[in-house]
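The block underneath contains the structure these notes are about, expressed in structure tokens.
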Amino acid sequence: MHLHPLISDTATLEKLCSRLATADFVAVDTEFMRENTYWPDLCLIQIASSEEAAAIDPKAPGLDLKPLLDLLVENEDVLKVLHAGAQDLEIIYNLTRKTPWPMFDTQVAAMALGLGEQVGYSSLVESYLGHQVDKGARFTDWSRRPLETRQLDYAISDVTHLATLFPKMLNRLKKTGRGAWLDEEMHRLADPSTYANDPEMAWRKLRLPNRKAETLGRLKALAAWREREAQSKDIPKGRIVKDDTLGDLALSPPRTQADLGRVRGLSSGWATNDIGRRLVEALQSAGPLDPDEMPQRDGARPGMGKDSALIADLLKLLLKIRSKEADVAAKLIARSDDLEAIAAGQREGLAVLDGWRRDVFGSDAIDLVEGRLAFAIVDGRLRMTRMERSET
């Protein structure tokens, strides 16, 4: 594989992307910093086909990333290969408001191949290629210039190994007939809405102080205000106000800005400064949360009773058994929310009850809940037993 010198000019990038546009696939990785920023600070982009690989310096003066971004989000003839690519996709979305497609995530593929739920990149490389990944530059400061040779060697190896690893994993998936199992997960990963930082939705990620519409309305307004403040200043939102303080403000809103000086988690300066004024304005503009936005209570699920938690636990045990038998990560088959929904009586709109997931687990899950399947101990080993329902 030909390794290019660090690309820092648009003309060279255009030529590289023109060649890569004819490749069957490209492996993609990024290096970024976000400890002190709201938005990820993109520091390096690595890309490789089966024939060539390069690192691109997005911080180079005058460099236009458009040829690369067009390759990633506009060219659907080239498959984009990533490993645990959610953060890489977030960066690409922030730059383009689009996500790459089609795509293949080797961590998700590893789940389908029964290699675990969160297999690390270095473990996959060692397992498939027999190489030890050098982690010496893993925690380096990628924003500093110039980049050192050891940093570039580390970064470029991520995509060169990935470009070699991908075909081997793809062949194994074809042999097991599980390639289609990845489709739903790939569509979920590539859904642009996953990466949209909508301030109006920020409250959903917070622990709810209670379920009163008035409190949640204030929490929604405060979370949106904090998100916009963090975005505009490009600093982590926790540096604006901590989550716990937002909850306290939603529960016990101050009547005036002067009262902010007595709120735990805020300095006395909030009583007079501009950011304190904007916080109070956000609170004063808040109304009760709309009924259609109210979070659903667990007890409101259909069929949810006092034994539902026990039923969900039995489903978890069944999932563990079936995932082991199928040699696939349990997380790829079903999530805790799916099991709770089945335990509560839901039968529509669940991916676990469709397609291959139903064949591997979903059908048995329904049989267990409805009494047609039971656990039994046979010769000291846990077995599943089909039940004969007697006629009455």
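Tabulated results
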{"read-out": "Pro302 being under 29 Å from the mean Cα position of the chain (by Cα) and modelled with pLDDT under 85", "value": "yes"}
{"read-out": "Residue in the range 89-109 that is touching an Asp or Glu at 6+ places or on another chain (Cβ under 7 Å) and either more than 22 Å from Ser193 (Cα to Cα) or of a type in the set (Phe, Trp, Tyr) (or both) present", "value": "yes"}
{"read-out": "Residues located in the range 212-240, provided they are closer than 18 Å to Ala250 by Cβ and not in a helix (DSSP H, G or I)", "value": "Lys212, Ile240"}
{"read-out": "Failed item in (1) more than 24 Å from Lys237 (Cα to Cα); (2) modelled with pLDDT under 95; (3) out of contact with any Ser or Thr (no Cβ under 9 Å at 6 or more places or on another chain), with Leu113 passing the rest", "value": "(3)"}
{"read-out": "Within the range 73-190, helices (runs of 4 or more DSSP H) holding 3 or more residues that are touching a residue at least 60 places away in the same chain (Cβ under 8 Å) and either assigned by TED's automatic domain parsing to the domain that holds Tyr38 or closer than 30 Å to Lys324 by Cα (or both)", "value": "86-96, 106-112, 149-176, 183-189"}
{"read-out": "Residue in the range 226-257 that is surrounded by the fewest Cβ atoms within 10 Å (Cβ to Cβ), counting only those that are in contact with a Ser or Thr (Cβ under 8 Å, 6 or more places away or on another chain) and under 16 Å from Asp274 (Cβ atoms)", "value": "Ile235"}
{"read-out": "Extreme residue, nearest to Asn36 (Cα to Cα), among residues of the range 202-216 that are more than 23 Å from the chain's Cα centre (by Cα) and surrounded by 19 or more Cβ atoms within 10 Å (Cβ to Cβ)", "value": "Leu216"}
{"read-out": "Pairs with Cβ under 8 Å, 6+ apart, first in the range 249-273 and touching a residue at least 40 places away in the same chain (Cβ under 8 Å), second not hydrophobic (A, V, I, L, M, F, W, C) and not in a loop (DSSP other than H, G, I, E, B)", "value": "Ala250/Thr215; Ala250/Arg218; Leu251/Thr215"}
{"read-out": "Top-ranked residue of the range 20-41 - restricted to ones that are touching a Leu at 6+ places or on another chain (Cβ under 8 Å) and part of a loop (DSSP other than H, G, I, E, B), ranked as surrounded by the most Cβ atoms within 10 Å (Cβ to Cβ)", "value": "Ala21"}
{"read-out": "Top-ranked residue in the range 116-146 [being surrounded by fewer than 21 Cβ atoms within 10 Å (Cβ to Cβ) and among the hydrophobic types (A, V, I, L, M, F, W, C); ranked as modelled with the lowest pLDDT]", "value": "Ala137"}
{"read-out": "Segments classed as helices (runs of 4 or more DSSP H), wholly inside the range 250-366, with at least 1 members that are outside the structural domain of Arg211 (by TED's automatic domain parsing)", "value": "308-326, 330-333, 336-343"}
{"read-out": "Qualifying positions in the range 17-46 - among the β-branched types (Val, Ile, Thr), under 15 Å from Leu152 (Cα atoms) and in contact with a Lys or Arg (Cβ under 9 Å, 6 or more places away or on another chain)", "value": "Val28"}
{"read-out": "Filter pass, Leu44 being on the phi < 0 side of the Ramachandran plot and either surrounded by fewer than 21 Cβ atoms within 10 Å (Cβ to Cβ) or assigned to a loop (DSSP other than H, G, I, E, B) (or both)", "value": "no"}
{"read-out": "Residue selected from the range 1-15 under the condition under 22 Å from Pro146 (Cα atoms) and among the hydrophobic types (A, V, I, L, M, F, W, C), by the criterion surrounded by the fewest Cβ atoms within 10 Å (Cβ to Cβ)", "value": "Ala11"}
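The values are calculated or read from the model by the stated rules, or taken from the named source; none is laboratory data. All values derive from a computational prediction rather than experimental measurement. Here Cβ is always computed from backbone atoms with ideal geometry, including for glycine, and neighbour counts include all displayed protein chains.
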